[in-house]
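Written below as structure tokens is the structure these notes are about.
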Number of protein chains: 2
Amino acid sequence: MRSNWVPATLGDRLQDVDTPALIIDLDRFEANLERLRETALGYNIRVRPHAKSHKCPEIAKRQIAAGGVGICVQKLGEAEVFLASGIDNVLITNEVVGERKLHRLAQLAWRYPDARLGVCVDDLGVTKRLGTLCVAQEARLDVYVELDVGQNRCGVTTPAEVVELARAIVACPRFTFMGLHAYAGGAQHRRGVPERRAAIEAAARKANEARTALRAADLPCETITGGGTGTFIYEAASQVYSEIQPGSYALMDTDYLRNELDPSAPRFECALFVLAGVMSLRGNRATLDAGLKAYSTDSGLPTLTFAGWRVLNNPSDEHTVLHQTSDETPIKLGDKALLIPSHCDPTVNLHDWIVAVRKGRVEAVWPIEARGAVF
Amino acid sequence: MRSNWVPATLGDRLQDVDTPALIIDLDRFEANLERLRETALGYNIRVRPHAKSHKCPEIAKRQIAAGGVGICVQKLGEAEVFLASGIDNVLITNEVVGERKLHRLAQLAWRYPDARLGVCVDDLGVTKRLGTLCVAQEARLDVYVELDVGQNRCGVTTPAEVVELARAIVACPRFTFMGLHAYAGGAQHRRGVPERRAAIEAAARKANEARTALRAADLPCETITGGGTGTFIYEAASQVYSEIQPGSYALMDTDYLRNELDPSAPRFECALFVLAGVMSLRGNRATLDAGLKAYSTDSGLPTLTFAGWRVLNNPSDEHTVLHQTSDETPIKLGDKALLIPSHCDPTVNLHDWIVAVRKGRVEAVWPIEARGAVF
């Protein structure tokens, strides 16, 4: 149902891209991938980038080419899109619940017998039902127990529950029990380095206790996976985690920039922008053609990339009003302005296309194929 | 690129709809349409519902069947979708700027010679350029001058500017000069009745001054259009406006419910919901499978439709956590919860489908065809 129009053609100058448009700066994006690759090599940790932030197979393929073992997704619908795009190692870092979705999951696993498809569980009844469906469908699945390591959201909380679920997984001939999903999501945006480090030390202790309990019960625990852009160096250094799942590092946003940077962590650059056009101009006021349907505001207003103007509060659905604060940057009708989103994930999820730009020229236009894959 | 899956099949019970899903309650929706029709008849004012809130041709067609003269949209891409769906009277209540978009607009007008397609202008250079393109394309357009009546966003501010633009419009053989677009957007959510009434009285005075100037210059001003869900009864009563443009009235949201209701205005009911599934349950905590990618939070958290639980702050991208506050409503894994969005427009824009439900059964599943038509 998308419009037939794409916002740019190859070779376009940035200022000729139709607006609003989502922009990825390829030089910065590639530098971010390279920084993560180097850091992970230094820690000898596996990287499974989280694709929920970008929902774009072209980006996922570049993350895998830069050393990723596969990708993470959050939704079954995302797994469908990424598997269909040819990516053959996908972990749903989330529970899948309900008859309709469990059938879809078993069918998806059956449809890609040569791919690795993983999912998390935190409930015995769901685990057994999924096992029954996978046996009936002759489908194979990697299954992880989700352990709540401080997120207070999903996951079991005690080693005994982990062991109970692991036994149920091992008992299913169509499941491979992989280990633990142990993601401390709330720790990613704690601003200070000591708080983030302490949160992950606590998470790693909890994960290690669960692993010890699994081993005592003669159950394998090959993988402990978790860790986002804000904390992955701590998971990597923990000697407990075997895999990290950063997502936002590739695109970045101003919310992550507000974190105090650990001296041992790589500095990722903002590679994601919303390009907006000046559609009305009056006195010291410029109105842009992008609003709440072009960027998310859950983590604050977007940031201008030029001086002399400020973004007014309460943007509307399709407009952002700027007020001039100095004459540093003259603006005329039809000019284009780059905004840095405050939160990359829900911003990307608003767009059908991402325009890939290098040194001011459009090099590619990628469909955001898993946009809206919400269920 | 959307997933092949739709969240429901006809006849499904609400609790079997896949989640998260956008739900429209047909009884409430139809009652809202009827209330607007009756109110508009009482004031003898034309209604042109704004389709930016729902982006769904099936909804727009029902609004027109309930007395609408056509629809409003905010974006060129939306106009393309609605014209293609068979709706033949579309006003873009916004400026269209830039060579690429102006060409698209002229082409669109040419493609639907029997439709009425309107657009707003607030700049002389853009008006002339659009006129040249329409002449070259042999395309006809309805053109409105946008007058800033307090929104401080787009539009000209003085009667002299209105007259200057109107002359340029009349001078173009392919344009029909329609009159004024005079929308006081910021007034819609002023909470008190006196503030909203005063804002529209001021807007109507300004529009009337501009109309007087047009008449003095021997220019027509057949239409003065504006007015949203929060204020349209004041525009309707003004003796100045000839057309109102409410949009949210059809679906509603909790932000509009927070307005003090004028005794003379109809009471619209919330007809829009996000259905979310309980995907994890632990102690007094239930985690829903809907987050920032299923509802917008620019106007606050969504509201639960049942007692005994509250929505925790800072929902994540794909999760909402509920805490139990009393034992009024027991919840079990896989249960479905209805949430009322705080702001309908950006919430609808996240979804590909809207599931139309009557008395707990799915009656239709409509594609939100203009979702993401952002440019």
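Summary of values
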{"item": "B:GLY277 modelled with pLDDT under 95 and assigned by TED's automatic domain parsing to the domain that holds B:LEU339", "result": "no"}
{"item": "Restricting segment B:317-326 to residues that are more than 14 Å from B:ARG285 (Cβ to Cβ) and within 11 Å of chain A (Cβ to nearest Cβ), the residue that is surrounded by the most Cβ atoms within 10 Å (Cβ to Cβ)", "result": "B:GLU318"}
{"item": "Test result for A:GLY247, at pLDDT 95 or above, over 30 Å from A:TYR183 (Cα atoms), in contact with a Lys or Arg (Cβ under 8 Å, 6 or more places away or on another chain) and buried (at least 21 other Cβ atoms within 10 Å of the Cβ)", "result": "no"}
{"item": "Candidate set: segment B:19-51, residues that are free of Cβ contacts under 8 Å to residues at least 40 places away in the same chain and out of contact with any Gly (no Cβ under 7 Å at 6 or more places or on another chain); chosen: the one nearest to the other protein chains (Cβ to nearest Cβ)", "result": "B:GLU30"}
{"item": "Candidate set: segment B:272-289, residues that are surrounded by fewer than 24 Cβ atoms within 10 Å (Cβ to Cβ) and among the small types (Gly, Ala, Ser); chosen: the one nearest to B:GLU318 (Cα to Cα)", "result": "B:ALA286"}
{"item": "Selection from segment A:128-152 of residues that are within 14 Å of chain B (Cβ to nearest Cβ) and over 23 Å from A:ASN208 (Cβ atoms)", "result": "A:LYS128, A:ARG129, A:LEU130"}
{"item": "Strands (runs of 3 or more DSSP E) wholly inside segment B:317-369 containing at least 2 residues that are under 21 Å from B:VAL6 (Cα atoms)", "result": "B:336-340, B:353-358, B:361-367"}
{"item": "Residue check for B:ALA217: in contact with a strand residue (DSSP E or B) (Cβ under 6 Å, 6 or more places away or on another chain), farther than 28 Å from A:ALA290 by Cα and modelled with pLDDT of 95 or more", "result": "no"}
{"item": "Test set (1) over 28 Å from B:VAL81 (Cβ atoms); (2) of a type outside the set (Phe, Trp, Tyr); (3) touching a residue at least 12 places away in the same chain (Cβ under 8 Å); (4) touching an Asp or Glu at 6+ places or on another chain (Cβ under 7 Å) - B:ARG116 fails condition number", "result": "(1)"}
{"item": "Residue selected from segment A:327-375 under the condition acidic (Asp, Glu) and within 20 Å of A:VAL278 (Cα to Cα), by the criterion nearest to the other protein chains (Cβ to nearest Cβ)", "result": "A:ASP335"}
{"item": "In segment A:267-315, residue nearest to A:ASN349 (Cα to Cα) [restricted to those that are within 10 Å of chain B (Cβ to nearest Cβ) and of a type in the set (S, T, N, Q)]", "result": "A:SER296"}
{"item": "Criterion violated by A:GLN151 - all others in (1) at pLDDT 95 or above; (2) under 25 Å from A:PHE232 (Cα atoms); (3) crowded, with 21+ Cβ neighbours inside 10 Å satisfied", "result": "(1)"}
{"item": "Leading residue by the ranking (nearest to B:PHE82 (Cα to Cα)) among those in segment B:4-17 that are buried (at least 16 other Cβ atoms within 10 Å of the Cβ) and either in contact (Cβ under 8 Å) with a residue 40 or more places away in the chain or more than 13 Å from chain A (Cβ to nearest Cβ) (or both)", "result": "B:VAL6"}
{"item": "Residue check, B:THR157 over 28 Å from B:GLY68 (Cα atoms) and among the hydroxyl-bearing types (Ser, Thr, Tyr)", "result": "yes"}
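The values are calculated or read from the model by the stated rules, or taken from the named source; none is laboratory data. Predicted model, so just to flag it, every value in this text is computed and none were measured. Using ideal geometry, Cβ is built from the backbone for each residue, glycine included, and neighbour counts are taken over all protein chains shown.
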